[in-house]
Structure formats: C-alpha cells, structure tokens
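Asks: This is the structure I want to talk about, given as structure tokens.
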Amino acid sequence: MLLVQGVYAKRYKELAESKVLERVYYEPQANGVERLPTALSMFHATPLVMRTAHWHAQVEVNYIVRGWANYRMSGHEVRFQAGDMALFWGGLPHCLNDCSDNLIYTGGHLPLVHFFRLRLPQNVQSKLMQGATLVTKATDASDPVNFARWNDYARSGDPMKASMAVDELLLRIERVRFDAYDLLPGPADVVSAVEGLDYHSSPIVVRICDFIADNFREDIDSGDIAAAADIHPKYAMNVFKKSTGMTLNDYVNLMRLSYAQALLMQDDANVLQVAMDSGFGSLSAFNKSFRKIAGMSPTDFRRDVRCRPSVPSTIRHRAGGSVN
C-alpha cells in the first residue's frame, strides 16, 4: 500500500477534487512487504484501494485511526471502523476493495515466528490461520500513539528499537484476551477448527518457523525442519498442521512465493532465475505453486504488473515501503 502523507496527501486531495485523478489504486512495488516475509513491517498510512487480492506470509494487524476500510477476505467481507483493531492471516488472498476518503490506518505485518509467541486464547491462532478475522472494539486513546511509535521504531534502522517494536506490539495483541472480541468466520471449517492444542505446541512452532525463515530459499524438507526443532518429523508435521492449518510444505512454498512475487515485480526479472533464487527446485514446481495461490502463471503475473498504469509521480514519491 503506498504511503500518501504530508504534502503528498495534500496534493492527492487537490488532484482528486480537480478530477485529475478519478481513482488511484495500490500497485505492488519491488520494495513491498512481499519481499520481506521474515521481517516485521509496520505502516501508518492513507491507503489506496487494491485492484486485485494479494497475499503475504505474515499475520496482518490493522488499527483504524480514522474513517473505515472494507476488505474482501478469503470466504467473507468485513468492514473495519475507526477504533477497530483487527488480525487476519495474510497468507490467504485478501483485498482492500473500498474505503472512506478520510481513511488513516496503522499496523503491521507479523511473521509467524512472532505470531506463535503470542499468548492468545487457545485455538485463536488456529482459527486465524484458517481464515477467520479477529476484530476488537476494545481500544483506547493510547493505541494510535503507540502504533505510530512502533512504526517509527521499526523503520528507524536501530535494531534495539525494532526489537522493542516487536515486543510491545506482541504485548498489545495479547491484551485482546482480556476484552471482548469477535472471530468472524472465513471458510466454513473455521468454526470447527481443530480443538485440543496445548501451550507446549507454540515453542515448537516458533522453532520451526525460525528455521524456515532462515532457510526457505535452500533445499529443505520435513526432516531438516524437524531436526532443527529437535523433534520427530511426523510430530513436527502434526503440530504444525494443527497450529496453522497448513502443512510444512505449504508454508515453505508460501514463504518462497512471497519472496518470488517481489522478484517478479522487478524490470529485469527472469522467471526461471526467480524460481531458482526463491528456492524452487524446478520451473514446473514454481509454476504449479504460483498458479495455486495466485490463479495465474508467474509469467502472466509479471506481465500484468508491468502493464498496469503507473501511479502519478505526485503520489508515488513517499517515505517508506508499500504495505498491506
């Protein structure tokens, strides 16, 4: 999502009012969140409506500072109002398909390695990973201030500040358990998400995610992943499937695909080279995985991105990377 702030927000309004811009859409960029599947990415922005759904290998946290935002999720639509805080799994295609003219939202993209450190109510993680959306209206005046600070810390280039942004954001999310919240269902099976997860599972999933984050572009399999977590491969597969709704192979592929789609946005992208650089052992495996989640081939995706109209330069220049 392009950041439209300060003088650029003013120019955007002027252009919109003069009808020079009928509508400006989010266009993915090579420096987008998709390129950083293992890093916390924070944002504080006036977003643009998206042309099509996208995905990324993190849990998304949104806080609506002003206005409203309407999302088309996998299996349902939801509208977030001012003061709402929401969590949803970005690995399922989602799209900001409408919003108020005065929308300002903030939040972050939380890698699974951090997400599974959260002390949330039992099975909430599982239901989110399977497509549910958590929404709470139990927020207060400190939230926009805190989210703005976390955004500044995450973008500061200071490792200590970035670490504090993660820790403070996790604590804020954990407070959800003490207040009222709704889990809006996505796919039909969310409401009957697997029961019986225990709190011993989360440290195992964290170790698994840590290893995958560091090695997803290498030739790894369930045996390598299990060995890194010091558990049996079958147990690793069962725990991960229960916790995330995904197989280990699905998650590794999602990490690779998130990285690959950022590479494909670059002007000199070669599909075969992207497949190899992203960790896929063959072009056929890359094409199959890409079609499964994107609904098109990597070649079509690259062509589609290149053929989209450019965003006017007054809007494109901004601080920070793309979000959402």
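Asks: Considering only residues that are in contact (Cβ under 8 Å) with a residue 12 or more places away in the chain and open to solvent by 20 Å² or more (accessible area, probe 1.4 Å), which ones fall in the stretch 246-255?
Replies: M246, N249, N253, listed by residue number.
Okay, residues lined up against (1) at pLDDT 95 or above; (2) under 17 Å from S41 (Cα atoms); (3) assigned to a helix (DSSP H, G or I):
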{"site": "L87", "(1), (2), (3)": "yes, yes, no"}
{"site": "L92", "(1), (2), (3)": "no, no, no"}
{"site": "Q125", "(1), (2), (3)": "no, no, yes"}
{"site": "G131", "(1), (2), (3)": "no, no, no"}
{"site": "V135", "(1), (2), (3)": "yes, no, no"}
{"site": "T139", "(1), (2), (3)": "yes, no, no"}
{"site": "R149", "(1), (2), (3)": "yes, yes, yes"}
{"site": "D152", "(1), (2), (3)": "yes, yes, yes"}
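Asks: How many residues does the stretch 198-213 contain that are charged (D, E, K, R) and either touching a residue at least 24 places away in the same chain (Cβ under 8 Å) or part of a loop (DSSP other than H, G, I, E, B) (or both)?
Replies: 2
Asks: Right, another one. Of (1) in contact (Cβ under 8 Å) with a residue 24 or more places away in the chain; (2) charged (D, E, K, R); (3) open to solvent by 10 Å² or more (accessible area, probe 1.4 Å), D84 satisfies all except one. Which?
Replies: Only one criterion in (1) in contact (Cβ under 8 Å) with a residue 24 or more places away in the chain; (2) charged (D, E, K, R); (3) open to solvent by 10 Å² or more (accessible area, probe 1.4 Å) is unmet by D84, namely (3).
Asks: Assigned to a helix (DSSP H, G or I) and touching a residue at least 40 places away in the same chain (Cβ under 8 Å): does that describe A180? I'd like the intermediate steps shown before the answer.
Replies: Working: assigned to a helix (DSSP H, G or I): no; touching a residue at least 40 places away in the same chain (Cβ under 8 Å): yes.
Considered against the rule, which asks whether it is assigned to a helix (DSSP H, G or I) and touching a residue at least 40 places away in the same chain (Cβ under 8 Å), A180 comes out as no.
Asks: Out of G75, G90, which single residue is small (G, A, S), touching a residue at least 24 places away in the same chain (Cβ under 8 Å) and open to solvent by 10 Å² or more (accessible area, probe 1.4 Å)?
Replies: Of the residues listed, the single one that is small (G, A, S), touching a residue at least 24 places away in the same chain (Cβ under 8 Å) and open to solvent by 10 Å² or more (accessible area, probe 1.4 Å) is G75.
Asks: On the given criteria, is A193 modelled with pLDDT under 90, aliphatic (A, V, I, L, M), more than 16 Å from the chain's Cα centre (by Cα) and buried (at least 21 other Cβ atoms within 10 Å of the Cβ)?
Replies: Taking the combined requirement at face value, the residue satisfies it.
Residue by residue, here is whether (1) open to solvent by 30 Å² or more (accessible area, probe 1.4 Å); (2) of a type in the set (D, E) holds:
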residue	(1), (2)
I208	no, no
D230	yes, yes
L263	no, no
A269	no, no
S282	yes, no
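Asks: Open to solvent by less than 60 Å² (accessible area, probe 1.4 Å) and either within 21 Å of S258 (Cβ to Cβ) or of a type outside the set (S, T, Y) (or both): does that describe P159?
Replies: For P159, the condition - open to solvent by less than 60 Å² (accessible area, probe 1.4 Å) and either within 21 Å of S258 (Cβ to Cβ) or of a type outside the set (S, T, Y) (or both) - is not met.
Asks: Please go through the stretch 282-295 and give me each residue that is of a type outside the set (G, A, S) and either closer than 11 Å to L272 by Cβ or under 20 Å from the mean Cα position of the chain (by Cα) (or both), ordered by number.
Replies: L283, F286, N287, F290, R291, K292, I293
Asks: Could you please find all residues in the stretch 37-63 being in a strand (DSSP E or B) and either free of Cβ contacts under 8 Å to residues at least 40 places away in the same chain or under 10 Å from I104 (Cα atoms) (or both)?
Replies: H44, A45, Y63, listed by residue number.
Asks: Hey, does the stretch 225-242 have a residue that's assigned to a loop (DSSP other than H, G, I, E, B), modelled with pLDDT under 90 and under 22 Å from the mean Cα position of the chain (by Cα)?
Replies: No - not one qualifying residue is present in the stretch 225-242.
Asks: Go through the stretch 126-156 and count every residue that is farther than 16 Å from R175 by Cβ and either open to solvent by 10 Å² or more (accessible area, probe 1.4 Å) or touching a Gly at 6+ places or on another chain (Cβ under 6 Å) (or both).
Replies: 13
Asks: With at pLDDT below 90, surrounded by fewer than 19 Cβ atoms within 10 Å (Cβ to Cβ) and in a loop (DSSP other than H, G, I, E, B) as the only criterion, which of A9, A16, A30 stands out?
Replies: Matching residue, one of A9, A16, A30: A30.
The values are calculated or read from the model by the stated rules, or taken from the named source; none is laboratory data. This one's a predicted model, so the numbers in the text were calculated from it and none came from an experiment. So basically every Cβ, Gly included, is an ideal-geometry build from the backbone, and we count neighbours across all protein chains shown. Just so you know, the surface numbers come from the protein's heavy atoms only, side chains and all, with ligands and any DNA or RNA stripped out. Shrake-Rupley method; radii C 1.70, N 1.55, O 1.52, S 1.80 Å.
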